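S.K.: Can you keep this structure in mind? I'll have questions shortly.
The values are calculated or read from the model by the stated rules, or taken from the named source; none is laboratory data. Keep in mind the model is a prediction, meaning the values are calculated, not measured. Using ideal geometry, Cβ is built from the backbone for each residue, glycine included, and neighbour counts are taken over all protein chains shown.
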Amino acid sequence: METVNIAKVNHFVLKKQHLADDSKMGDVVQIAKDIGGLHGTSATGPYLSLFARSNSFRKDDLAVEMSKKKSLARIRYVRNTIYILPKKFIPVAYAATSQMAEVTAARFSKYLGITPTQYVRISNKILKLLRGRGLTTREIKKKLRTAANIAPIVNRMCDKGLLVRSLPREGWKSTQHAYYLFEDYFPDLDLSAFDEKEARRKIVEQYILSFGPVSEQDIAWWTGFPKSQVKEILEGLGDEVSSVEIPELESGYLVHSSERESLQSLEAPKHPVVNVLPGLDPYMMGYKDRERYLHPKHFKMIFDRSGNATSTILVDGRVVGIWDLEEPLVKIFYLKDLGKDICKKVRSKASDMGKFLVGKPVQVKVCDSMVPLFKRTAGSFMSPLKDC
C-alpha cells in the first residue's frame, strides 16, 4: 500500500477543489462538477464558494448558467441537502436519492399538517397553474387563494421531479425561488435514465474523484447511503480505486486509480495557500473525518451541534481561523498564531470576500475571542463572530 502524508493530501484536494492558486478557473459548471456540487442551502453560499475558486467570478455568471443557459439547477441531493448541480448530472442525482427524499418530504408534510388528500389536490392545481411560467410560493398561494402551507407541497413536488427551483426573484441574497414545471424547464432530461444502483455507483465514484483520498466512513457519511451498500459499490469498482495510507490519520483511505500517480508526484507549492471559505462550503462539508484539516480541540469552534461548518480561513488546506461579515467590517478570529506575512495575506483575502459580499470596500477587524458554536443557539454558524 502506498503512503502519502497529510500535507500532500490536502494540497492535492485543494487543487481538485479549485482552491489552489494554480487551479482556479472561470468555468462555473466545471467547478460545480469537480467539487461534487455547490452546497445550496444558503442563498449566498454558492456564490461565495465560486468566488473563492475563481479569479474572475461575477455574480451574474451563476445567474446566466442557471436561468439563461440552464446548465445548472438547485435540487435535493445527498443527505437530503439542497445542491446546485450540472444539468447532465441531475438524472443521476435524482435516481440515487429521490426515494430517500420522498420519504423525508412526506413525513415533513405530515408534520406540518398537509394531508395526503391535500397534497394531491393542491399539487394538481399547481401543475396546471405553472404551465408555461414560473412563480414563487407567495405568488402560487395568492393565485390559488388558499390558506394551505404551499412551501412543503412545492418542495415535495421538486423532490418528485415535478418542479424545479429557478433563481430567486429578489436578487442573489433572496431565498424566494421561482418554480417551474420540470418538463418545461428541462424538456430534454429523462429522470428515468438510470436505476438507483447504477446512479449510486456513479455518485460514489464522482465523490472519490472530488474529495479523495477518502475513507469508507467519509463516503457513507457524505452520500447518506448505507455502509453495506457503500462497501458493495467499492467492491464493484474494483481496480478503479486504490488504497493509500496517510500516517497522520488512522482509517484506510481510497483514491481513484486514475489519480494515484498525480497524487504521489504532486510538488508542494512555493508559497502558503490561503483560502477564505463561506459556511457550508463543500471542502469543509465533504468529510466525516475532519482531523485531516482541523485539530479535534477546535471542532466545537467550527461546527455547530448539527454539524454545520461556519465560515473559515484555511492555510494549506487546514483551518486556522474564522471570519464573519458585519458591515462595514469583516471580522477575523485566529485559532493559532500565523506570522505576519500569512496574516497579511489572510486580511487581503478576507477583504476581497467582504467587498464581493457588500459591493464596496470593507475594513478588517481581528477579534481576540469567540464563543464556541457548540455552546450557541441553532443558526449561529451563519454569524460566528457576531458578539466580537
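S.K.: Among the listed residues Arg318, Arg376, identify the single one that is closer than 30 Å to Gly212 by Cβ and among the basic types (Lys, Arg).
M.R.: Within the list Arg318, Arg376, the selection yields Arg318.
S.K.: Let me ask you something else. Could you please find all residues in region 73-92 being farther than 18 Å from Leu280 by Cβ and in a helix (DSSP H, G or I)?
M.R.: Lys87, Lys88, Phe89, Ile90, Pro91, Val92 - these are the residues of region 73-92 that are farther than 18 Å from Leu280 by Cβ and in a helix (DSSP H, G or I).
S.K.: Here's something else I'd like to know. When residues of region 364-373 are filtered for being buried (at least 17 other Cβ atoms within 10 Å of the Cβ) and either assigned to a loop (DSSP other than H, G, I, E, B) or not assigned by TED's automatic domain parsing to the domain that holds Val320 (or both), how many remain?
M.R.: Within region 364-373, residues that are buried (at least 17 other Cβ atoms within 10 Å of the Cβ) and either assigned to a loop (DSSP other than H, G, I, E, B) or not assigned by TED's automatic domain parsing to the domain that holds Val320 (or both) number 2.
S.K.: Being within 20 Å of Gln99 (Cα to Cα) and among the acidic types (Asp, Glu) is the filter here, so list the residues in region 206-232 that pass it.
M.R.: Hit for region 206-232 is Glu232, nothing else.
S.K.: Right, another one. Can you tell which of Ser215, Ser242 is surrounded by 18 or more Cβ atoms within 10 Å (Cβ to Cβ), more than 30 Å from Leu325 (Cα to Cα) and over 25 Å from the mean Cα position of the chain (by Cα)?
M.R.: Ser242
S.K.: Now for a separate question. Looking for something under 25 Å from Trp221 (Cα atoms), at pLDDT 95 or above and aliphatic (A, V, I, L, M) - is there at least one such residue anywhere in region 356-371?
M.R.: no
S.K.: Can you name every residue in region 327-363 that is surrounded by 14 or more Cβ atoms within 10 Å (Cβ to Cβ), more than 24 Å from the chain's Cα centre (by Cα) and within 24 Å of Ala43 (Cβ to Cβ)?
M.R.: Leu329, Val362 - these are the residues of region 327-363 that are surrounded by 14 or more Cβ atoms within 10 Å (Cβ to Cβ), more than 24 Å from the chain's Cα centre (by Cα) and within 24 Å of Ala43 (Cβ to Cβ).
S.K.: If I go through region 231-253 residue by residue, how many of them are assigned to a strand (DSSP E or B) and under 13 Å from Thr3 (Cα atoms)?
M.R.: Residues that pass the stated criteria total 5.
S.K.: Which ones in region 364-378 are closer than 26 Å to Pro46 by Cβ and free of Cβ contacts under 8 Å to residues at least 60 places away in the same chain?
M.R.: Answer for region 364-378, where residues must be closer than 26 Å to Pro46 by Cβ and free of Cβ contacts under 8 Å to residues at least 60 places away in the same chain: Val364, Thr377.
S.K.: Give, as residue ranges, the strands (runs of 3 or more DSSP E) completely inside region 254-351 that count at least 1 residues that are free of Cβ contacts under 8 Å to residues at least 40 places away in the same chain and closer than 22 Å to Ser369 by Cβ.
M.R.: Once the strands (runs of 3 or more DSSP E) in region 254-351 are filtered for at least 1 residues that are free of Cβ contacts under 8 Å to residues at least 40 places away in the same chain and closer than 22 Å to Ser369 by Cβ, what remains is 312-315, 318-326, 329-334.
S.K.: Okay, next question. Before we move on, is Ser123 of a type outside the set (Asp, Glu), surrounded by 14 or more Cβ atoms within 10 Å (Cβ to Cβ) and in a helix (DSSP H, G or I)?
M.R.: Criteria met by Ser123.
S.K.: Ok, one more. Residues that are under 16 Å from Ile208 (Cα atoms): which helices (runs of 4 or more DSSP H) entirely in region 1-58 hold 1 or more of them?
M.R.: Filter on region 1-58 gives 6-16, 28-34.
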